[in-house]
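Enquirer: Structure incoming, see below.
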Amino acid sequence: MSTHAIAVVPGDGIGIEVIREGRLTLDTLAEVTGGAITWEFEDFPWGCQYYLDHGAMMPADALPTLEQFDAIYLGACGFPSVPDPISQREMILLIRQSFQQYANIRPVRTWPGVPSPLAAERLQGVDFICVRENSEGEYAGAGGRVHRGTDHEVALQTTVFTRTGVERVIRHAFQLAERLGRRAVTNVTKSNALQFAPVFWDEVFDEVAREYPDITTDRSLVDACAARMVRDPQTLDVLVASNLFGDILSDIGGALMGSLGVPPSANLSPGTAYPPMFEPVHGSAPDIAGQGIANPMAAIWSAAMLVDHLGHPDAAALLLDALADVTRAGTRTVDLGGTASTVEFGAAVRQALRTRAS
Ligand code: NAD
Ligand code: IPM
Ligand code: MN
C-alpha cells in the first residue's frame, strides 16, 4: 500500500469547483483499487480571496509547507478584482519557478463523443504531447519600466535562456519520447527572426538530439507550428517549446479537443527533490464561475497524471478509461455542447470507475 500526501490548492473561481470533483474522483479511485493507494489530502485556501483578506496570495511559509508534500493538486487562480500579474506571479509562477518545475507536460488526444472544431478526418488519431519549458524563457521575470507616464517611457521584458534550463527540458522531451515509445520530437522555435535565444535553443536541441539517434526530429517555426496543429495535427508526436510558445500552443491543443475545459498539465521537476504540481491548463473562468457548469475533465485528467506520476500507471489508465466511458456515453458539460453540470459529470466518472472495477 502506498500513502501519498497531497497538497490541494483549489484557488479561485471554477478552480474550486473542478478540483472538488477531481479530489472526490481520487477518493473513488483509491476505493476501487482495493486499498493499493491511500491519500492524505490537506487543503490550502490560497489565491485571490486570500489576497483580498490577507494582502498576499499565499502565507509567507507557503513554499516550505508545500515542499513537504508528495505532490500539489492545484485548480486555477485569478479574480477580475486582483491584477493578473500579482495573482499569477505570486502563486502559480512562484511555485513553478521556486520548485524548478521546468517540464510542463500538456497532452493532446481525442476523446470519444467529444466534438472538436476540426473535421473528424483531420482529428483521427491525434495524440501528441507538448513539453513546455516552465521555469525561464519569456517568463523569467527579468525586465522593468522606466520613465513611466512620459513620452519616452520604456518597458522591457527580457527573455532568459540558460544552457542548464534549455538542455534539461529538451532532454526531458527526448526521455519522455523514449519512455513512451514515441517516434519523433519536434523543435518549436523562432530562429528565423530572433537571432540570439532561439538560435541557441536550436543548437542545444541538435546537441541533445544526437544522443537519441532512434528518435526522428524536425524543426517547426512556432507560427507555422500553430497552423500545423490545426491543419495536420496527426503529424505531431512530442513537441518541445519555450515557455510562452508552449503556453500558446497548448491552448490551441485544448481547442482541438473541443474546449479549454479538457487539457491537463503536469509541472515536473525531475532530478530535484521538489514536489510536482498537477493542474488544468485553463484558468479561473470568471465568466462562468459559481454557475456549476465548469467542465471538470481537465482537473480529473490532471489527477490521472498525478496518479501515474506517483507510480500507479494501471490506476491512472483505469481513470482515463472511465473518463472515456463517460464521454463515449454522451455525457458532456455545456462547453462541449452537453447539459451535464460539473457535479453530474464528476459523479458519472466515479460511477464509471465503480462499474469498471466491479
Ligand atoms: P480561462 O481559461 O479562465 O477561460 C477562457 C475561456 O474558457 C472562458 O470563456 C471560460 O469560460 C472557458 N473555460 C475555461 N475553463 C473551462 C472549463 N473547465 N469548463 C468550461 N469552460 C471553461 O482563461 P481567461 O479567461 O483568459 O482567464 C481568466 C483568469 O484566469 C485570469 O485571471 C487569468 O490570468 C487566469 N488564468 C489562470 C490560469 C491558472 O491558474 N493556471 C490559467 C489561465 C488563466
Ligand atoms: C497556463 C496559464 C499560466 C501561464 C498563467 C495563468 C500564469 O496560462 O498555465 O497556461 O501562462 O503559464
Ligand atoms: Mn496558458
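The values are calculated or read from the model by the stated rules, or taken from the named source; none is laboratory data. This is a predicted model, so every value here is computed, not measured. Positions of Cβ are generated from backbone atoms using ideal geometry, with glycine treated the same way; all protein chains shown enter the neighbour counts. Protein only, heavy atoms only, side chains kept; ligands, DNA and RNA dropped before computing areas. Shrake-Rupley method; radii C 1.70, N 1.55, O 1.52, S 1.80 Å.
Enquirer: Once you mark the GluC sites (Glu not before Pro) that are in a DSSP loop and have at most 12 other Cβ atoms within 10 Å, what is the longest gap between them in the chain?
Expert: 1-152
Enquirer: Per residue, how much accessible area does region 117-256 have with a 1.4 Å probe, in Å²?
Expert: 50 Å²
Enquirer: In addition: I want the antiparallel fraction of DSSP beta bridges within the chain, as a percent rounded to 5.
Expert: The antiparallel proportion sits near 40 percent.
Enquirer: By the gyration tensor of its Cα atoms, with a ≥ b ≥ c the square roots of the eigenvalues, what is the shape of region 1-126: rounded for a/c under 1.5, prolate for a/b over b/c, or oblate?
Expert: oblate
Enquirer: What distance in nm lies between label points placed 7 Å from Cα along the C-beta direction at LEU63 and ALA227?
Expert: 4.2 nm
Enquirer: Please give the calculated 222 nm ellipticity per residue for the chain, where each DSSP H segment of at least 4 residues contributes -39500 (n - 2.57) and the sum is spread over every residue; nearest 500 deg cm²/dmol?
Expert: -12000 deg cm²/dmol, from helical runs alone.
Enquirer: Restrict the search to region 178-244; then list the trypsin sites (Lys or Arg not before Pro) that DSSP places in a loop and that have at most 11 other Cβ atoms within 10 Å of their Cβ.
Expert: Answer by residue number: ARG183, ARG210.
Enquirer: Over the chain, with a Gaussian network built from C-alpha contacts below 10 Å, which listed residue (GLY11, GLY149, GLY346) shows the highest mean-square fluctuation?
Expert: GLY149
Enquirer: Still on this structure: In a GNM of the chain with a 10 Å cut-off on Cα contacts, which of GLY181, GLY283, GLY165 has the highest mean-square fluctuation?
Expert: Maximum among the listed residues: GLY181.
Enquirer: Which residues in region 136-170 place their backbone N less than 20 Å from a point set 7 Å from the Cα of ASP206 along the Cα-to-Cβ direction?
Expert: 161-170
Enquirer: How much length is gained on full extension from VAL154 to ASP287, taking 0.36 nm per residue of separation minus their Cα-Cα distance?
Expert: Using 0.36 nm per residue and subtracting the Cα-Cα distance, I get 44.5 nm.
Enquirer: How long is the gain from GLU121 to ASP53 if the chain were fully straight, where each residue apart is worth 0.36 nm and the alpha carbon distance is subtracted?
Expert: Fully extending the segment from GLU121 to ASP53 adds 19.4 nm.
Enquirer: For an R0 of 30 angstrom, estimate the FRET efficiency from the Cβ-Cβ distance between GLU42 and ASP314 and round to the nearest 0.05.
Expert: Efficiency at R0 = 30 Å is approximately 0.70.
Enquirer: Pick out, in residue order, every one of the trypsin sites (Lys or Arg not before Pro) in region 100-174 that is DSSP loop and has at most 14 other C-beta atoms within 10 Å; say none if there are none.
Expert: Within region 100-174, the qualifying trypsin sites (Lys or Arg not before Pro) (loop, at most 14 other Cβ atoms within 10 Å) are ARG148.
Enquirer: Right, another one. Can you pull the percent of the chain's accessible area that's carbon plus sulfur, 1.4 Å probe, other chains left in place?
Expert: 53 percent
Enquirer: Here's another thing I want to ask about it. Taking R0 as 35 Å, what FRET efficiency do you get between THR339 and SER2 from their Cβ-Cβ distance, rounded to the nearest 0.05?
Expert: 0.40
Enquirer: Going 7 Å from the Cα of THR164 toward and past its Cβ, which residues in region 252-282 have a backbone nitrogen under 12 Å from where you end up?
Expert: Label zone hits: 272.
Enquirer: So, one more: Once you sort the root eigenvalues of the Cα gyration tensor of region 117-256 as a ≥ b ≥ c, which label holds: rounded (a/c under 1.5), prolate (a/b larger than b/c) or oblate (the other case)?
Expert: oblate
Enquirer: Sticking with this structure for a sec: Mean-square fluctuation check for the chain, GNM, Cα pairs under 10 Å: which of VAL185, VAL160, VAL262 is largest?
Expert: Answer for the Gaussian network model of the chain: VAL160.
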